[in-house]
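The structure appears right after this line, and notes come after that.
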Amino acid sequence: MPVVAPPPSPLADTVLARLPVVYGAAADPERAAQMRAYMKDVAPFLGLPSPVRKELGRAVLDGTPRPDEADLTAIALRCWALPDREYAYFAVDLLRRHVRRLSSGFLPVARHLVTTVPWWDTVDLLAAHVVGGLVAADASLTADMDTWIADPDLWVARTALLHQLRYRQSTDAERLFAYCLHQAGHPDFFIRKAIGWCLRTYARTEPDAVRSFVAAHRDVLAPLSVREALKNVGP
């Protein structure tokens, strides 16, 4: 996979000059150690709880113009290159807020973010709010999701499973069910959990369809996936 380089962006220069100063001044080493342990040592943390981090993030962006796609790309990639996890969270928050300013050309960047220092804390938000938003805006990207679901990288496959989480009545049920079957035998917890999660979420909209799907394929779905899928609707 080619290296994704940040494009030039004066806004990114401004943000990345402010961000480490503002976040660093509020660092809490004791909380940072707890957060790092909770996240299985995926990355170091500054120790900023979510409300504090978001308030500080607003301060960093105060007085800056609305970002365009180049700005968002540069900020995200440069945040991802910083060691502490809160910088990635800042980037994810910004991408979620401005996802409608992203074109389908952002998908390779999203894949880079999904596969770089991957863990559920960033991957799931990128899947549901960023990748899902891109695919909803450009139906041709469903072909990419059809490729991602078969990817050997479990986080790419998990993203494909979860990208329709917020679609509700617009969910492509045939594709959702096909993705679940494609990965039904996957040995990893994070894939089996994602199968159950996306089915459980769709069951809020079409409970009978999910019950019927699970009943028809209970022999191939992992018990974890079945439990999660039927948690709120019963057998």
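Is it the case, given these coordinates, that ARG168 is in contact (Cβ under 8 Å) with a residue 24 or more places away in the chain and touching a helix residue (DSSP H, G or I) at 6+ places or on another chain (Cβ under 7 Å)?
When the stated conditions are applied, ARG168 does not pass them.
Return the only residue of ALA110, ALA136, ALA127, ALA88 being part of a helix (DSSP H, G or I), open to solvent by 10 Å² or more (accessible area, probe 1.4 Å) and of a type in the set (Gly, Ala, Ser).
ALA136
Checking the structure you have, find out if any residue of the range 36-50 is out of contact with any Gly (no Cβ under 8 Å at 6 or more places or on another chain) and under 19 Å from ARG101 (Cα atoms).
No.
Listed here are the residues, each with its yes/no results for (1) of a type in the set (Ser, Thr, Tyr); (2) free of Cβ contacts under 8 Å to residues at least 40 places away in the same chain.
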site	(1), (2)
ASP13	no, yes
ALA25	no, yes
PRO65	no, no
THR73	yes, no
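How many residues are surrounded by 13 or more Cβ atoms within 10 Å (Cβ to Cβ) and either in contact with a strand residue (DSSP E or B) (Cβ under 8 Å, 6 or more places away or on another chain) or β-branched (Val, Ile, Thr) (or both) when one looks only at the range 3-21?
Summing the residues that are surrounded by 13 or more Cβ atoms within 10 Å (Cβ to Cβ) and either in contact with a strand residue (DSSP E or B) (Cβ under 8 Å, 6 or more places away or on another chain) or β-branched (Val, Ile, Thr) (or both) in the range 3-21 gives 3.
Give me the residue from the range 91-104 that is in a helix (DSSP H, G or I) and touching a Ser or Thr at 6+ places or on another chain (Cβ under 9 Å) and, out of that set, surrounded by the fewest Cβ atoms within 10 Å (Cβ to Cβ).
Of everything passing the filter in the range 91-104, SER104 is surrounded by the fewest Cβ atoms within 10 Å (Cβ to Cβ).
Step by step: first the residues of the range 113-124, then only those that are open to solvent by 30 Å² or more (accessible area, probe 1.4 Å) and under 11 Å from the mean Cα position of the chain (by Cα), then the one that is farthest from LEU48 (Cα to Cα). Which residue is that?
Selected residue: THR115.
Give the number of residues within the range 44-54 that are surrounded by 10 or more Cβ atoms within 10 Å (Cβ to Cβ) and farther than 17 Å from PRO83 by Cβ.
Count: 4.
Within the range 55-85, restricting attention to residues that are β-branched (Val, Ile, Thr) and buried (at least 18 other Cβ atoms within 10 Å of the Cβ), which residue is farthest from the chain's Cα centre (by Cα)?
VAL60
Quick check on this structure: which one of GLN164, GLN183 is at pLDDT 95 or above, surrounded by 15 or more Cβ atoms within 10 Å (Cβ to Cβ), touching an Asp or Glu at 6+ places or on another chain (Cβ under 8 Å) and among the polar types (S, T, N, Q)?
The unique qualifying residue is GLN164.
Residues are listed down the side, and each one gets a yes or a no for (1) at pLDDT below 95; (2) buried (at least 18 other Cβ atoms within 10 Å of the Cβ); (3) more than 20 Å from the chain's Cα centre (by Cα); (4) not β-branched (Val, Ile, Thr):
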| residue | (1), (2), (3), (4) |
| --- | --- |
| ARG168 | no, no, no, yes |
| ALA178 | no, no, yes, yes |
| ASP188 | no, no, no, yes |
| ALA194 | no, yes, no, yes |
| THR205 | no, no, yes, no |
| ALA216 | no, no, yes, yes |
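Being of a type in the set (Gly, Ala, Ser) and under 24 Å from the mean Cα position of the chain (by Cα) is the filter; apply it to the range 10-43 and report the residue that is nearest to TYR87 (Cα to Cα).
Top of the filtered list is ALA43.
The values are calculated or read from the model by the stated rules, or taken from the named source; none is laboratory data. Keep in mind the model is a prediction, meaning the values are calculated, not measured. For neighbour counting, all protein chains shown are included, and Cβ atoms are generated from backbone atoms with ideal geometry for every residue, glycine included. Ligands, DNA and RNA are stripped out before the accessible areas are found, and what is left, the full protein with its side chains, is counted by its heavy atoms. Shrake-Rupley method; radii C 1.70, N 1.55, O 1.52, S 1.80 Å.
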